[in-house]
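See below for the structure under consideration.
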Amino acid sequence: MLVNSEVEIAPNVYALPGLPAARIGDYIVVADLHLGYEEALSRDGVYLPRVQLRNAIRTIREIASASPESRKLLIAGDIKHVFNKILRSEKEEVSEFIRESQELYKEVIVIRGNHDNFVSPIVKSEGAEFLEDGIEVGGVSIIHGHKKPRDTSGVIVLGHEHPSIQVRVGGSRVKFPVFLRVPLESGGTAVVIPAMGTYQTGNVISTVKTAYLSPIIREEGIVDLAVPYIVDESGGIMELTRLEILEQVLG
C-alpha cells in the first residue's frame with residue numbers, strides 16, 4: 001500500500017514519502033549527490049545535460065518543505081563524483097549546494113564518502129562541518145558505507161549502494177529507487193537510503209550478497225530477509241515484501 005506520510009523503517013529512522021531522504025530526530029539525512037558528474041563524463045566524450053546541481057537544490061527544498069521541523073542536514077557521503085582530483089564544476093557546485101542548504105538548515109554536515117577526496121577545504125570554507133567518519137544521532141549510527149564500522153549491533157544508516165528495484169511494466173523494465181532495511185548477523189540493522197543524484201539511477205538489489213558494494217552488507221547482511229521500500233515520485237512510499245519472496249515474484 002502506498003503511504004503518503006513518514007514511514008518508520010527502523011527505530012528512530014523515518015523515510016520521507018516520495019523523497020530520497022530519511023529523518024532521524026531533527027536531522028535530515030541524504031547521500032550520494034555526485035555533483036560534478038556531468039563534467040567528469042564530458043572529459044571522456046559523453047555529454048549529458050547539466051541538471052545534477054539544479055535537481056539537487058530543488059530536491060533539498062522539497063525535503064525542507066516536507067519536514068519543516070528538521071533543522072540540520074547531514075550528507076552521508078559522496079557529495080562530489082571524481083575520485084582522484086576535484087574538478088572546477090565540483091568546487092562550484094558543492095559550494096552552491098551548501099550555500100543553498102544553509103538557507104534552509106541551521107547546520108550542514110558532510111560525512112566523507114569514498115568519492116570525497118579534496119573536498120574538505122571547500123566544505124569548511126562555506127561554513128559547513130566535514131567529518132572523516134560517521135556520527136551518532138539518537139542512538140543511530142550514520143556513515144557513508146564504504147567502510148565497515150567496528151560495532152554493527154545497532155541501527156546503521158548508510159548510502160553508497162544507490163539501491164533500486166527493477167519492475168517489469170508492459171514490455172519494459174523500470175527502475176525505482178528504494179530504501180532498503182537489511183538485518184545483520186550481529187543482530188543490528190542496516191538502513192540504506194537512495195541516491196540523491198539524478199544520474200545515479202541505482203544498483204538493482206538482489207539476494208546475492210557479493211553484488212553489494214558495502215562491506216557491512218557483503219559480510220553481515222541477511223539479504224534474503226531484506227525489505228525494500230519504493231520511493232514513489234508522486235509523493236508516497238511503499239513497503240514491499242522481503243527480497244527472497246520478491247525475487248520469485250518479479251523473476
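Here, each number is a calculation from the coordinates, and none is a lab measurement. Computed from a predicted model, the values in this text were never measured in an experiment. Neighbour counts are summed over all protein chains in view; Cβ atoms, including those assigned to glycine, are modelled from backbone coordinates with ideal geometry.
What is the antiparallel percent of DSSP beta bridges lying wholly in the chain, to the nearest 5?
Details: 32 of 53 bridges.
For the chain, the DSSP antiparallel bridge percentage is about 60.
Can you list the equivalent-ellipsoid semi-axes of the chain, largest first and in whole Å, using the square root of 5 times each Cα gyration tensor eigenvalue?
Rounded to whole Å, the semi-axes are 27, 21, 18.
Got a sec? Charge dipole of segment 1-63, +1 on Cβ for Lys and Arg, -1 for Asp and Glu; which of THR59, VAL3, GLY25 is way out at the positive end?
THR59
Counting DSSP beta bridges in segment 1-100, what percent are antiparallel, to the nearest 5?
60 percent
Before rounding to the nearest 500, sum -39500 (n - 2.57) across all DSSP H runs of length at least 4 in the chain and divide by the residue total; then give [θ] at 222 nm in deg cm²/dmol.
-6500 deg cm²/dmol
Kindly put SER214, SER5 in sequence by how many other C-beta atoms sit within 10 Å of each C-beta, fewest to most. Walk me through the numbers before you get to the answer.
Values: SER214 23, SER5 12.
The fewest-first ordering by Cβ neighbours comes to SER5, SER214.
In nm, to one decimal, how far is the modelled label at LYS148 from the one at SER172, with both set 7 Å along Cα→Cβ?
Once both label points are built, they end up 4.0 nm from each other.
Considering only DSSP states other than H, G, I, E and B, which chymotrypsin sites (Phe, Trp or Tyr not before Pro) in segment 1-106 qualify as loop sites with at most 10 other Cβ atoms within 10 Å?
Here the chymotrypsin sites (Phe, Trp or Tyr not before Pro) that fit, given the DSSP loop and packing criteria, are TYR47.
Find how many whole Å separate the alpha carbon centroid of segment 167-208 from the alpha carbon centroid of segment 1-28.
Cα centroid to Cα centroid, the span is 15 Å.
Please give the charge dipole size of the chain, origin at the Cα centre, charges +1 on K and R Cβ atoms and -1 on D and E Cβ atoms. Round to the nearest 20 debye.
Dipole size: approximately 440 debye.
Sequence gap at least 6, Cα distance under 8 Å: using those rules, report the relative contact order of the chain to the nearest whole percent.
Relative contact order for the chain comes out at 21 percent.
Compare SER172, SER153, SER70 in a GNM of the chain, Cα atoms joined below 10 Å, and give the one with the largest fluctuation.
Taking springs between Cα atoms under 10 Å, the residue moving most is SER172.
Over the chain, with a Gaussian network built from C-alpha contacts below 10 Å, which listed residue (ALA64, ALA76, ALA21) shows the highest mean-square fluctuation?
ALA64
How do SER42, SER164 rank when sorted from fewest to most other Cβ atoms within 10 Å of their own Cβ? Intermediate values should be presented prior to the final figure.
Working: SER42 14, SER164 23.
Neighbour counts put them in this order, fewest first: SER42, SER164.
Looking at THR198, LEU104, PRO163, which one has the Cα that reaches farthest to the positive end of the dipole of the chain (charges on Cβ: Lys, Arg +1; Asp, Glu -1)?
Among THR198, LEU104, PRO163, the one farthest towards the positive end of the dipole of the chain is THR198.
Which of GLU219, GLU38 comes first, and how do the rest follow, when ranked by fewest Cβ neighbours within 10 Å?
Working: GLU219 14, GLU38 22.
The most exposed by this proxy come first: GLU219, GLU38.
What full-extension length gain, to one decimal in nm, is calculated for LYS72 and PHE118 as 0.36 nm per residue of separation minus the Cα-Cα distance?
14.2 nm
May I ask you to list the chymotrypsin sites (Phe, Trp or Tyr not before Pro) in segment 160-251 that are in a DSSP loop and have at most 10 other Cβ atoms within 10 Å of their Cβ?
Sites meeting the loop and neighbour criteria: none at all.
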